[in-house]
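Working notes for the structure below.
The values are calculated or read from the model by the stated rules, or taken from the named source; none is laboratory data. This one's a predicted model, so the numbers in the text were calculated from it and none came from an experiment. For neighbour counting, all protein chains shown are included, and Cβ atoms are generated from backbone atoms with ideal geometry for every residue, glycine included.
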Amino acid sequence: MISLRQLFLLNNAQTSSTPRLLQVDRAKGIYLYDPEGKAYMDFVSGFAVSNVGHCHPAVVQAVKEQADRYMHVAVYGEYVQAPQVLFAEKLVSVLPAGLDSVYFVNSGAEATEGAIKLAKRFTGRSKIISCHHAYHGSTHGALSVMGNEYYKQAYRPLLPDVHFIHYNQTTDLELIDSETACVILESIQGEAGVRVASNDYMQALRKRCDETGTLLIFDEIQTGFGRTGKLFAFEHFGMQPDILLLAKGIGGGMPVGAFIASQEVMNCLKDNPILGHITTFGGHPVSCAAGLATLQTIIDENLMADVDKKEALLRNLLVHPSIREIRGKGLMLCIQLDTFQQVEEVSRKCVENGVIVDWFLHCDTAIRIAPPLIVSEEEIRKACKIITDVLTSVQERA
Ligand code: PLP
């Protein structure tokens with residue numbers, strides 16, 4: 001009989017010739033289980049999604065209750081749907097003033113698309129500035145602001161008037177001028193291999209945008225919802241964006257994204273043209289119910305309280321001659337190795353030994369360490385022992 005793995009390779013579109021092929025039977029907390037019952041610690045959180053852990057009971061209950069009540073009823077923005085309204089209200093309540101209008105979409109890339117359109121429409125300008133090594137999604141607009149030519153060259157022409165600056169380099173901020181609609185930037189760069197900007201840079205960036213009337217878009221699709229120890233990573237810098245992008249972790253495992261701005265900025269999507277941005281499924285009631293439960297869980301269970309302690313423990317335990325550097329903030333970390341071959345072999349062996357780690361789109365010499373926020377100290381110790389043992393075995397074979 002043909003296996004699920006064979007069918008997957010046959011009928012499901014493939015994105016590489018070397019998929020992991022880990023077959024998931026179920027997931028709970030920080031663990032995935034294969035059909036044989038083997039447990040894997042998910043130290044990438046389904047790629048920065050499962051901040052509250054897989055299948056958190058509060059999220060599952062919210063999903064079930066909403067699915068029983070109603071699922072899709074109308075395109076986004078027409079009917080009053082309690083899960084959307086209550087999730088937006090909750091988001092606004094935890095955000096600073098000026099970020100009080102939430103446009104729900106289905107994914108991170110869609111949040112990027114909506115935000116770029118909004119910035120162009122509000123400012124009447126077309127120039128867009130992004131960063132080298134940035135990742136904001138894979139659709140055409142989002143691809144246009146990706147800072148890596150390797151992934152873009154086959155899909156040109158892309159959006160015109162997009163320019164790139166070096167992340168965390170203050171001198172480059174001069175490129176932002178009175179023709180610039182927006183600067184789009186990750187509060188902490190993820191796929192670049194977890195790069196944290198300096199406070200001085202962030203202040204200078206905010207100042208330059210204010211001086212030139214440029215909208216500052218922060219992509220918190222990977223950093224949001226507690227991953228770095230604060231609800232949003234921009235809080236580390238004591239400043240805020242004009243437009244905030246969220247997705248991934250905000251749905252607690254369900255697909256939902258958002259771009260958030262002030263009422264003044266967002267209102268320009270209403271006319272000239274009317275329906276400036278539309279989506280059928282954006283803000284799906286089941287996803288929004290899950291999102292509300294996720295945010296409530298992060299707050300009620302105080303999931304951000306121990307993130308700094310867990311980061312320190314990871315930094316203490318991930319000590320090995322092969323590790324050149326540990327970068328990042330909170331539970332958004334990476335260990336820097338020397339070569340891609342090392343990274344490939346180490347991550348494959350870690351998975352075989354029950355710890356899921358992976359590399360980055362724009363940095364294939366570093367390994368992603370991003371467990372769910374609910375990971376315990378004991379689990380961190382166990383995972384770090386496996387990772388360092390694997391590093392030793394790979395080093396010995398080299
Ligand atoms: N922005 C950042 C910073 C991301 O890390 C990602 C996904 O990895 C995206 C945008 C795109 O999100 P999605 O895959 O939901 O389109």
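The number of residues in the range 144-162 that are assigned to a helix (DSSP H, G or I) and farther than 26 Å from Asp210 by Cβ comes to 7. Among the residues of the range 161-195, the ones that are away from the ligand (no atom under 14 Å from the Cβ) and more than 14 Å from Arg125 (Cα to Cα) come to 11 in all.
Quick check on Ser138: is it under 15 Å from the mean Cα position of the chain (by Cα) and not acidic (Asp, Glu)? Against the criterion (under 15 Å from the mean Cα position of the chain (by Cα) and not acidic (Asp, Glu)), Ser138 qualifies.
Candidates Lys90, Lys38: the one that is of a type outside the set (A, V, I, L, M) and exposed (fewer than 15 other Cβ atoms within 10 Å of the Cβ) is Lys38.
Considering Asp219, Asp271, the condition of being touching a residue at least 12 places away in the same chain (Cβ under 8 Å) and acidic (Asp, Glu) is satisfied by Asp219 alone. Yes or no: the range 358-366 includes at least one residue that is aromatic (Phe, Trp, Tyr), more than 22 Å from the chain's Cα centre (by Cα) and not assigned by TED's automatic domain parsing to the domain that holds Leu95. There is no residue in the range 358-366 that is aromatic (Phe, Trp, Tyr), more than 22 Å from the chain's Cα centre (by Cα) and not assigned by TED's automatic domain parsing to the domain that holds Leu95.
Which of the helices (runs of 4 or more DSSP H) contained wholly in the range 43-130 include at least 1 residues that are in the same structural domain as Leu292 (by TED's automatic domain parsing) and away from the ligand (no atom under 16 Å from the Cβ)?
Numbers: elements: 45-48, 57-69, 82-93, 108-123.
Hits in the range 43-130: 57-69, 82-93, 108-123.
Checking the stated criteria, Ala261 turns out to be away from the ligand (no atom under 16 Å from the Cβ), within 19 Å of Glu89 (Cα to Cα) and in contact (Cβ under 8 Å) with a residue 12 or more places away in the chain.
It is to be established whether one or more residues within the range 8-27 are touching a strand residue (DSSP E or B) at 6+ places or on another chain (Cβ under 6 Å), within 30 Å of Lys230 (Cβ to Cβ) and in contact (Cβ under 8 Å) with a residue 40 or more places away in the chain.
Taking every residue of the range 8-27 in turn, none turns out to be touching a strand residue (DSSP E or B) at 6+ places or on another chain (Cβ under 6 Å), within 30 Å of Lys230 (Cβ to Cβ) and in contact (Cβ under 8 Å) with a residue 40 or more places away in the chain.
Taking interchain pairs and intrachain pairs at least six residues apart, which have beta carbon atoms under 9 angstrom, with the first residue in the range 358-384 and under 11 Å from Glu191 (Cβ atoms) and the second among the acidic types (Asp, Glu)? These pairs meet every condition: Trp359/Glu344; Phe360/Glu191; Leu361/Glu191; His362/Glu191; Cys363/Glu191; Asp364/Glu344; Ala366/Glu325; Arg368/Asp358. Suppose the filter is within 11 Å of the ligand (Cβ to nearest atom), under 23 Å from Ser101 (Cβ atoms), assigned to a loop (DSSP other than H, G, I, E, B) and not assigned by TED's automatic domain parsing to the domain that holds Lys329; does Ile250 pass it? Considered against the rule, which asks whether it is within 11 Å of the ligand (Cβ to nearest atom), under 23 Å from Ser101 (Cβ atoms), assigned to a loop (DSSP other than H, G, I, E, B) and not assigned by TED's automatic domain parsing to the domain that holds Lys329, Ile250 comes out as no.
Of all residues in the range 337-348, one or more are crowded, with 21+ Cβ neighbours inside 10 Å, among the β-branched types (Val, Ile, Thr) and over 20 Å from the mean Cα position of the chain (by Cα). Restricting to the range 163-195, and then to whatever is of a type in the set (Asp, Glu) and part of a loop (DSSP other than H, G, I, E, B), can you tell me which residue is nearest to Lys248 (Cα to Cα)? The extreme case among them is Glu191. Among the residues of this structure, Ser287 counts as one that is assigned by TED's automatic domain parsing to the domain that holds Tyr70 and of a type outside the set (A, V, I, L, M, F, W, C).
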